[in-house]
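Before any comments, here is the structure.
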Amino acid sequence: MKTRISHISYHLPKNILTNRELASILKCQEKELDKKFGIISRHVRNEGEVGSDLAIAAIDNRILEQKSEFDFLIYCSESSDFVAPPTSVNIHRRLKFPNTCACFDLPLGCSGFIYSFGVASALISSGQANKILLLFAEIPTSVIHSEDYDLRAIFGDAGCAVIVERTDSEFQSKFQYGTDSEGLKFLSVLDSRTKSPINSNWLEKYKNERDFLAFGRMEMNGLEVFRFSIERVPTLFKQVLEKHDFTIEDIDLFVFHQASSLILRSLQKKLNIPKEKFFEYFENIGNTVSCSIPIALKEAENQGKLKEGDKVMLLAFGIGFAWGGTIIEWKKLD
């Protein structure tokens, strides 16, 4: 049994942080931000808004009409509502999904879409499901210090909903994954959980930050993240092509995790991908972590960059350091 992505919808918070506003906060030049990051604005969650709120906001009527048809609801995010139960259970309750729909969470970041799509494809291919709802929600702005120049410029909040279902197509997506756990040292949010809980010292240190940075603080070594991306992704690129017995000429569109302009354009040049086949969508939303690939796919179709039967390479990489990739055969979204 084969699978396809049949529907994508997404939601961006109403609050928009422009480079003009950010430059004023960080005491730098607006043009400096424009040039360095290629991002001119990003969306920021409302006060009290959490990941599950963004995921639910991304669900449109087309999805609600199919509530009784979903065998699984999978929530992928680094932002959970509770320690337990899984956030997917809370979403299931809020939307009144039937009890025939099973739920679980995948606490993954930048590579989350590929892993979630791979899990959904495996469940369907093994006969355990026919239709699965994937929900993605990211609120990275909640773990960024107000004075962190790079992180505030790069990341934006978003929610996304994707339907994966059984199809009669002959094309089979094959998946490649990997992890370099040494990357934990270079991009992480290590505080606010059982190994390193927030205490009175933390609250005093961050008393002037929004919510006392109660969800933890993201820390990034930008040079190491760049090095990882430029060294690892070309290998992943080659492996995914080989798994499908394709060459670069067989791919109609390349949609990578929308990490940053520097990483994406460096990869495009290093991999010799024609610019017209390399899709980017981050200028007005920033890096939306696990939401970035499905949002880009939706916008690529909206812009007429995709047609029925196109072969699309999807590669994701980031926090963990984790990576994953596959190729899909495009079908017009419902």
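The values are calculated or read from the model by the stated rules, or taken from the named source; none is laboratory data. This structure is a prediction, so every number in the text was calculated from the model and none was measured. We place every Cβ from the backbone using ideal geometry, glycine too, and count neighbours over all the protein chains shown. Each accessible area value is taken on the protein alone, full model and side chains, heavy atoms only, with ligands, DNA and RNA left out. Shrake-Rupley method; radii C 1.70, N 1.55, O 1.52, S 1.80 Å.
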Open item on the list: So L106 passes all but one of these: (1) within 22 Å of the chain's Cα centre (by Cα); (2) open to solvent by 40 Å² or more (accessible area, probe 1.4 Å). Which condition number does it fail?
Closed with: (2)
TODO: Would you point out which residue out of R4, R93 is modelled with pLDDT of 95 or more and surrounded by 20 or more Cβ atoms within 10 Å (Cβ to Cβ)?
DONE: R4
Task: Condition met for G183 (within 21 Å of P140 (Cβ to Cβ) and either in a loop (DSSP other than H, G, I, E, B) or open to solvent by 90 Å² or more (accessible area, probe 1.4 Å) (or both)) - done: no
TODO: Can you tell me which residue among K305, K298, K277, K269 is touching a residue at least 40 places away in the same chain (Cβ under 8 Å), more than 27 Å from P107 (Cβ to Cβ) and not acidic (D, E)?
DONE: K305
Task: Selected residue (criterion: nearest to the chain's Cα centre (by Cα)) from residues of the range 1-49 that are in a strand (DSSP E or B) and of a type in the set (K, R) - done: R42
TODO: Provide a single number: the residues in the range 135-155 that are under 25 Å from A120 (Cβ atoms) and in contact with a Lys or Arg (Cβ under 6 Å, 6 or more places away or on another chain).
DONE: 1
TODO: Find the residue count for the range 13-45, including only residues that are within 13 Å of E138 (Cα to Cα) and either open to solvent by 20 Å² or more (accessible area, probe 1.4 Å) or out of contact with any Phe, Trp or Tyr (no Cβ under 8 Å at 6 or more places or on another chain) (or both).
DONE: 4
Open item on the list: Can you tell me how many residues within the range 129-180 are part of a strand (DSSP E or B) and β-branched (V, I, T)?
Closed with: 6
- [ ] Please find, among R42, R20, the residue that is over 20 Å from E280 (Cα atoms) and among the basic types (K, R).
- [x] R20
Open item on the list: Where the second residue is modelled with pLDDT of 95 or more and part of a strand (DSSP E or B) and the first is farther than 30 Å from A57 by Cα and of a type in the set (D, E) and lies in the range 160-180, which pairs have Cβ atoms under 9 Å and are six or more apart or on separate chains?
Closed with: E170/E329; D180/A322; D180/W323
Open item on the list: Residue under question is I285, and the condition is that it be in contact (Cβ under 8 Å) with a residue 60 or more places away in the chain and aliphatic (A, V, I, L, M); does it hold?
Closed with: yes
Task: The one condition in (1) over 21 Å from R232 (Cβ atoms); (2) in contact with a Ser or Thr (Cβ under 7 Å, 6 or more places away or on another chain); (3) touching a residue at least 40 places away in the same chain (Cβ under 8 Å) that L190 fails to fulfil - done: (3)
Open item on the list: Please go through (1) in contact with a strand residue (DSSP E or B) (Cβ under 6 Å, 6 or more places away or on another chain); (2) assigned to a loop (DSSP other than H, G, I, E, B) for D81 and return the number of the only condition it doesn't satisfy.
Closed with: (1)
Task: Search result, residues across the range 68-84 that are modelled with pLDDT of 95 or more and either open to solvent by 10 Å² or more (accessible area, probe 1.4 Å) or touching a helix residue (DSSP H, G or I) at 6+ places or on another chain (Cβ under 8 Å) (or both) - done: S68, E69, D71, F72, L73, I74, Y75, C76, S77
TODO: Among the candidates G286, G325, single out the residue that is at negative phi, of a type outside the set (D, E) and touching a strand residue (DSSP E or B) at 6+ places or on another chain (Cβ under 6 Å).
DONE: G325
- [ ] Tell me which residues, restricted to the range 209-250, are on the phi > 0 side of the Ramachandran plot and without any contact (Cβ under 8 Å) to a residue 24 or more places away in the chain.
- [x] F212, D245
Task: Which listed residue is of a type in the set (K, R) and farther than 26 Å from S6 by Cβ, from K195, K131, K174 - done: K195
- [ ] Scan (1) open to solvent by less than 60 Å² (accessible area, probe 1.4 Å); (2) closer than 24 Å to F113 by Cα for the single condition A214 breaks and write down its number.
- [x] (2)
TODO: Go through the range 50-67 and give me each residue that's open to solvent by less than 30 Å² (accessible area, probe 1.4 Å) and part of a loop (DSSP other than H, G, I, E, B).
DONE: A58, I59, Q66
Open item on the list: Looking only at residues that are among the small types (G, A, S) and assigned to a loop (DSSP other than H, G, I, E, B) in the range 260-293, which one is most open to solvent (accessible area, probe 1.4 Å)?
Closed with: S260
